[in-house]
1. Which ones in region 247-265 are closer than 17 Å to Gly194 by Cα and in contact with an Asp or Glu (Cβ under 9 Å, 6 or more places away or on another chain)?
2. Considering Lys189, Lys243, Lys228, which residue is closer than 28 Å to Ala119 by Cα and open to solvent by 60 Å² or more (accessible area, probe 1.4 Å)?
3. Taking region 246-264 as the region of interest, how many residues are open to solvent by 50 Å² or more (accessible area, probe 1.4 Å) and either polar (S, T, N, Q) or not assigned by the TED database to the domain that holds Phe175 (or both)?
4. Scan region 100-135 residue by residue and report those that are in a loop (DSSP other than H, G, I, E, B), touching a strand residue (DSSP E or B) at 6+ places or on another chain (Cβ under 6 Å) and under 18 Å from Gly201 (Cβ atoms).
5. Evaluate region 184-205: report whether one residue or more is outside any strand (DSSP E or B), of a type in the set (Val, Ile, Thr) and closer than 19 Å to Lys100 by Cα.
6. Conditions: (1) in contact with a strand residue (DSSP E or B) (Cβ under 6 Å, 6 or more places away or on another chain); (2) without any contact (Cβ under 8 Å) to a residue 12 or more places away in the chain. Asp163 meets all but one. Number of the miss?
7. Report the residue count in region 150-183 for those that are in a loop (DSSP other than H, G, I, E, B) and either surrounded by 14 or more Cβ atoms within 10 Å (Cβ to Cβ) or not aliphatic (A, V, I, L, M) (or both).
Amino acid sequence: MLISSTTPYTDFTVTFCCDNKRIKEVLANMFLPCIVVGIATSLVLVQCHDCKDYDLSASDQSFLMKHYLITTRKDGGLSTGKPIASGVTYIRWGKKGCPKGVDMVYTGQVGGNDNGNKAGGVNYLCLPNDPENGESQKDDNAQLFGTEYQIGSSYTPSGMKADIFNKEVPCAMCFQRRRSVHMMIPGRKTCYKGWTSEYSGFLMTDYKAHSSKDYLCVDKDAEPYDNKGSNEDGALLYGIRTKCGSLRCPPYKDATDVRCVVCAK
């Protein structure tokens, strides 16, 4: 007997072979020896050779779909036979490469708006080392600069190297194939249960009297982009401190570094 089923909203048919004419028994026993995919309509219909047609209930449709997805995902994609695309991307700020076992999409340097500009962009960017540049223009609206570490005798998070003062900041775009979601947790150096740490570091941003910028989780083992040490400014990165008051202490403490961790699962 040949049984064909199409599911609402998906526009494809699940076809399988069985020797039992009782559809409910097929579903209950998970007797699905073979599955084929094809284009179809949006109504569910079971057609049998030498027997009448059957309408599948919504629960039966759901059962068929779940079994179909589980079966196909074990071997690869829905129709091509290739693995289903998955994974998650994140930026590792302050490093040229990605953690071990994680693919690197590209490496580059951190860019952002100049610390003296009163308006414009506020986010830092991970700029690739192989840009496809636009056309030269005469009007002046320069908002994309390199980014320098401003950590030396002061504003240096505990444990971070202080010999990168006035050095440009690198970054890497990373692709973690074995995870599907990620998050950055401020105020912690470890992930919560069920999550895996990709890297940990310290929250950094521009100085409080400069133009506003986003917070970045900069790797605790931050390195320079290159060996140039001239003071070119542009966008800047300082270690930040906590301030008790509206920030409740405890659980926080006053005037401390702020740790951070990037977690995935």
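The values are calculated or read from the model by the stated rules, or taken from the named source; none is laboratory data. Quantities reported herein were computed from a predicted structural model and do not represent experimental measurements. No Cβ is skipped: glycine too gets one built from the backbone with ideal geometry, and neighbour counts run over all protein chains shown. Remember, those area values only see protein heavy atoms, side chains included, never the ligands or the DNA or RNA. Shrake-Rupley method; radii C 1.70, N 1.55, O 1.52, S 1.80 Å.
1. Val261, Val262, Cys263, Ala264
2. On the way: Lys189 fails: closer than 28 Å to Ala119 by Cα; Lys228 fails: closer than 28 Å to Ala119 by Cα.
Of Lys189, Lys243, Lys228, the one residue that is closer than 28 Å to Ala119 by Cα and open to solvent by 60 Å² or more (accessible area, probe 1.4 Å) is Lys243.
3. Count: 1.
4. Answer for region 100-135, where residues must be in a loop (DSSP other than H, G, I, E, B), touching a strand residue (DSSP E or B) at 6+ places or on another chain (Cβ under 6 Å) and under 18 Å from Gly201 (Cβ atoms): Val102, Tyr124.
5. Yes: region 184-205 contains one or more residues that are outside any strand (DSSP E or B), of a type in the set (Val, Ile, Thr) and closer than 19 Å to Lys100 by Cα.
6. (1)
7. So in region 150-183, the residues in a loop (DSSP other than H, G, I, E, B) come out as 150-167, 169, 177-181.
Filter once more, so that each one left must be either surrounded by 14 or more Cβ atoms within 10 Å (Cβ to Cβ) or not aliphatic (A, V, I, L, M) (or both): 150-161, 163-167, 169, 177-180.
Number of matching residues: 22.
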